[in-house]
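The values are calculated or read from the model by the stated rules, or taken from the named source; none is laboratory data. Since this is a predicted model, take the numbers as computed values, not measurements. Note that each Cβ is placed from the backbone with ideal geometry, even for glycine, and that neighbours are counted across all protein chains shown. Protein only, heavy atoms only, side chains kept; ligands, DNA and RNA dropped before computing areas. Shrake-Rupley method; radii C 1.70, N 1.55, O 1.52, S 1.80 Å.
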Amino acid sequence: MHQEKSQKTFSKEFNKLRDKIAAKENFAFSRFSDGELHMLQNMYFKITDDHFVEGTKVGYCKYTEEEHKEFDPKKHKFYRDKLEEAFKFKKYNYFKGICAKADVGEQDFRWQLELNSHDTEDLTFSNVFINANYPRFIQEVIPLLKDRDIIFVVNEKADVSKLNLEIIKTFRVGSNCIVNNYNLATEIPEFIKDKNIEDAVILCSCASLSNFIIYEGFKSSEKNTFIDIGSALNPFVGLEGWQYS
């Protein structure tokens, strides 16, 4: 990713995280993709049924209800500051996926590196489990999760019964969970602690709330694995938004 230091590639980064899952080595992977980048830069954005707004830019596309979001820097400073706290957090095996230069351009790419004090050791690609690596995620990662206890944080409309995984607990979220359902950022770590859960995998599919849950959960204990999977499992749980976006 940062050629001068790390020579990171899309396939090698996938292999690194996949191998940790295979070895049952607990770690955290938190995605700071374009939405999180906009939040960190205090840019207003909104997603509705048929269009999106990014600052002064307006685009048109079809979006389903679970994808509806709005971030207003004038109203949501708390969440933006928490997101920066999660981004700057350092801990062994706490990995932060950022936007690649090809996706956001040189300036925003360098901005992310600067926010992380130009340290690339704990950085990876936000899209490491999707795009060109998505078939490998389905074929190589999902089978590794079938003998693990799973905690799934997912939209209230998802049908998790279609997944062939050992889900021991499901936490549901509504739309706009970049600012809603923040209570889960403390409730999930407390649930894990109260139930003495160890070596489980917490799959988070809840926009920026995933960043908060993973940060608070891994900060308090490294005895479980936290993975921000974005919408990677949406085709398997009856959520259709991925088809359009």
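Please give the contour-minus-distance gain from Glu114 to Thr170: 0.36 nm per residue of separation, less the Cα-Cα distance, rounded to one decimal in nm. If you can, show how the numbers build up before the last one.
Numbers: separation 56, 0.36 × 56 = 20.16 nm, distance 3.63 nm.
Once the chain is fully extended between Glu114 and Thr170, it gains 16.5 nm.
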Q | Cα→Cβ-extended label distance, 7 Å offset, between Gln7 and His68, nm | A | 5.0
(Q) If I stretch the segment between Thr48 and Val160 completely, what's the gain in nm (0.36 nm per residue apart, minus their alpha carbon distance), one decimal? (A) 37.8 nm
Q) Got the relative contact order for region 104-216 handy, in percent, Cα pairs under 8 Å and 6 or more residues apart? A) 25
Q.
Among Asn180, Val53, Gln7, which residue has its Cα furthest toward the positive end of the charge dipole of the chain, with +1 on Lys/Arg Cβ and -1 on Asp/Glu Cβ?
A. Gln7
**Q.** region 89-139 - accessible surface per residue (Å², probe 1.4 Å)
**A.** 48
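Where the only charges are on Cβ atoms (+1 Lys, Arg; -1 Asp, Glu), what is the dipole of the chain about its Cα centre, to the nearest 20 debye?
Values: 34 positive and 39 negative charges, 60 e Å.
With Lys and Arg at +1 and Asp and Glu at -1, about 300 debye.
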Q | Length-normalised contact order of the chain in % [C-alpha pairs under 8 Å, at least 6 apart] | A | 24
(Q) Report, in listed order, any pair from Lys46/Lys101; Lys88/Lys146; Lys69/Lys219 with a Cα-Cα distance greater than 30 Å. (A) Lys88/Lys146
Q: Would you rank Lys12, Lys20 by solvent-accessible area, highest first, keeping every protein chain in place and using a 1.4 Å probe?
A: Lys12, Lys20
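Do the alpha carbons of any pairs in Lys91/Lys162; Lys24/Lys82; Lys82/Lys162; Lys20/Lys62 sit beyond 31 Å of each other, and which pairs?
Working: Lys91/Lys162 35 Å; Lys24/Lys82 29 Å; Lys82/Lys162 34 Å; Lys20/Lys62 37 Å.
Those over the limit are Lys91/Lys162; Lys82/Lys162; Lys20/Lys62.
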Q.
I'd like to know which of Val128, Thr64, Met43 lies farthest towards the positive end of the charge dipole of the chain, counting +1 on Cβ of Lys and Arg and -1 on Cβ of Asp and Glu.
A. Val128
Q.
Using the Cα centre of region 138-178 as the reference point, and only Cβ charges (+1 on K/R, -1 on D/E), how large is the resulting charge dipole? Debye, rounded to the nearest 20.
A. 140
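State the percentage of accessible surface on region 126-195 attributable to carbon and sulfur atoms; use a 1.4 Å probe and exclude ligands, DNA and RNA. Mind showing how you got there, number by number?
On the way: 1540 of 3420 Å².
Carbon plus sulfur share of accessible area: 45 percent.
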Q: Using a 1.4 Å probe and ignoring any ligands, DNA or RNA, find the accessible area of Leu184 and quote it in Å² to the nearest 10.
A: 10
Q: May I ask for the net charge around Asn234, where only other residues with Cβ less than 9 Å from the Cβ of Asn234 are counted and Lys, Arg are +1 while Asp, Glu are -1?
A: -2
Q: Mind putting a number on the dipole of region 1-119 about its Cα centre? Charges go on the C-beta only, +1 for Lys and Arg and -1 for Asp and Glu, and I need it in Debye to the nearest 20.
A: 540
**Q.** Separation between Cα centres of region 142-197 and region 70-87, rounded to whole Å
**A.** 23
Q: Starting from one equal scatterer on each C-alpha and no solvent at all, send me the Debye-based log10 I(q)/I(0) for region 154-234 at q = 0.16, 0.17, 0.22, 0.25 Å⁻¹, two decimals.
A: -0.56, -0.64, -1.09, -1.38
